Amino acid sequence: MTLWGGRFSADPREDVALLSESISFDKRLYAHDIAGSKAHVKMLAKQGIIPAATADSIREELDRIRKRIEDGDFEYRVALEDIHMHIESALIAALGAEGARVHSARSRNDQVALDIRLYLRDRIDDLTAGLREFQKALVQRAAADDDAILPGFTHLQHAQVVLFAHHLLAYVEMFDRDRERLLDCRKRLNVMPLGSGALAGSTLPIDREFVCAELGFDRVSRNSMDAVADRDFAIELLSALAIFGVHVSRLSEDLILWCSQEFGFVELGDAFCTGSSLMPQKKNPDVAELSRGKCARLCGDLVAMLTLCKGLPLTYNRDLQEDKERIFDALDTVSMILKVYPPMIATMAIRRDRMREAASDPALMATDLAEKLVELGVPFRDAHHRVGAFVKYCREHGKALDAVPLAEMQQTIPEATEEFLSLFVPENSVAKRDITGGTGYRQVRRQLDFWRSELELD
Ligand code: ARG
């Protein structure tokens, strides 16, 4: 007999139970479900809704159930649908009528809203800690080669010379915003929904503020209908995780390019790569590729959650049960990436010679010539035009920009001086970008100092 058996003369069909069950995935909420129930019965006793002795035995039994679950000594049955009914049934099996008092003034609708919020608080704490580790790995890797230079790209075309550390620190910024988004989401979800009942609250004199304090929430929810129907905290979470996925995917793409034969800028540790079953020479950057691929799942999880909530009438609808697999999938995916990526960054070897060679393409310094002309008083648009004409001249004559004598350069750039010939040294080009946010050596060291103190490194 089901827990709602009173009104029914038949149990659900077997295939209906299979469609209906969520125990196969929501069992991971057990600890939070139990924590919520313990706070709930403590409040019920304080309010005189159940006897104090009953509350004590329920709380003790909940601890035993928790231990049984952790010891693998707990039977899951599809017929009991979800984790909430499993635990309530186990209580009733152990305590009889006393156990049957646990669900007073509560519905699974506010219960699941509570459980998932409790669960997400913990998971978000793990994720933000993981993001910190990721940032640390990037900062340390950047600091270890803080003067290595390489070409920076726009449109995947050589653009201007930058420091390798500057490039990595760009991702540290992105992951910091990802962390902030998660913390912000945590703030908004830290609201206590229990007491909202099925949708309309309860006729029993419960003390919601007590439960709120017991469970460490910031406040109780103001509207019972909102509290059981809303999943926008899940949408926010999945959106933050999808954005993180996009960031990791872009980092992955950089690494995949950098370790290709064409670039040859980095070599990833063997433990983070795989070989080919056919081609003996291959070493493939699978971790980076899979992380890039997993971004698709994270985006899919977000879209599924948005679609799930779209058009649902108030309040709770069973559709909402579908939230959990998307949430868990995204959390697990990101946790896995956060485990694997930092050590891959930490052990990544760089080929400074290959980077330097690529950075010595004199075309990367064309902007420096134009800016030198601006210093000499030439309006920027004219300067741009002259240097453009110089680049065109060099291309047409098959000459490198730095292989042209001054007199010849002056045919297209009349204002050019001796000094122009020294502008093709990539180290100088980097050094001169000495403004806040620029890639200059001094500025990148400032960024590193900032992150070292922010991340409490060394
Ligand atoms: N397993 C359900 C879920 O995950 C719990 C709430 C069920 N409520 C209900 N009225 N059937 O959403």
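The values are calculated or read from the model by the stated rules, or taken from the named source; none is laboratory data. Just so it is clear, the model here is predicted, and its values are computed rather than measured. Positions of Cβ are generated from backbone atoms using ideal geometry, with glycine treated the same way; all protein chains shown enter the neighbour counts. Heavy atoms of the whole protein, side chains included, go into the accessibility calculation; ligands, DNA and RNA do not. Shrake-Rupley method; radii C 1.70, N 1.55, O 1.52, S 1.80 Å.
Observations
Per-residue answers, yes or no, for (1) open to solvent by 50 Å² or more (accessible area, probe 1.4 Å); (2) within 22 Å of ALA105 (Cα to Cα); (3) hydroxyl-bearing (Ser, Thr, Tyr):
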| residue | (1), (2), (3) |
| --- | --- |
| SER22 | no, no, yes |
| TYR30 | no, yes, yes |
| THR54 | no, yes, yes |
| ARG66 | yes, no, no |
| ASP73 | yes, no, no |
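- Residue match in the range 397-408 (condition: among the basic types (Lys, Arg) and touching a residue at least 12 places away in the same chain (Cβ under 8 Å)): no
- Residue check, VAL139 within 16 Å of the ligand (Cβ to nearest atom) and in contact (Cβ under 8 Å) with a residue 24 or more places away in the chain: no
- If you go through the range 249-258 and keep only what is farther than 11 Å from ARG354 by Cα and either open to solvent by 40 Å² or more (accessible area, probe 1.4 Å) or in contact with a Phe, Trp or Tyr (Cβ under 7 Å, 6 or more places away or on another chain) (or both), you end up with ARG250, LEU251, GLU253, LEU257.
- Condition met for ALA431 (touching a Phe, Trp or Tyr at 6+ places or on another chain (Cβ under 7 Å), open to solvent by 40 Å² or more (accessible area, probe 1.4 Å) and under 18 Å from GLN160 (Cβ atoms)): yes
- ARG219 basic (Lys, Arg), in contact (Cβ under 8 Å) with a residue 24 or more places away in the chain and open to solvent by 60 Å² or more (accessible area, probe 1.4 Å): yes
- Considering ALA407, ALA416, ALA403, the condition of being over 45 Å from the mean Cα position of the chain (by Cα), open to solvent by less than 20 Å² (accessible area, probe 1.4 Å) and of a type in the set (A, V, I, L, M) is satisfied by ALA416 alone.
Yes or no, residue by residue, for (1) hydrophobic (A, V, I, L, M, F, W, C); (2) closer than 30 Å to PHE210 by Cβ:
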{"residue": "GLY6", "(1), (2)": "no, no"}
{"residue": "ALA17", "(1), (2)": "yes, no"}
{"residue": "PHE25", "(1), (2)": "yes, no"}
{"residue": "LYS42", "(1), (2)": "no, yes"}
{"residue": "ILE49", "(1), (2)": "yes, yes"}
{"residue": "ALA53", "(1), (2)": "yes, yes"}
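- Checked against the criterion of being in contact (Cβ under 8 Å) with a residue 24 or more places away in the chain, of a type outside the set (D, E, K, R) and not in a helix (DSSP H, G or I), the candidates LEU312, LEU302 yield just one match: LEU312.
- The range 112-128 - residue that is of a type outside the set (D, E, K, R) and within 12 Å of the chain's Cα centre (by Cα) and, of those, farthest from the ligand (Cβ to nearest atom): THR128
- Residues of the range 305-322 satisfying the condition of being surrounded by fewer than 20 Cβ atoms within 10 Å (Cβ to Cβ) and either within 15 Å of the ligand (Cβ to nearest atom) or of a type in the set (Ser, Thr, Tyr) (or both): THR307, LEU308, CYS309, LEU312, PRO313, LEU314, THR315, ASN317, ARG318, ASP319, GLN321, GLU322
- Residues within the range 102-111 that are open to solvent by less than 10 Å² (accessible area, probe 1.4 Å) and within 14 Å of the ligand (Cβ to nearest atom), tallied: 2
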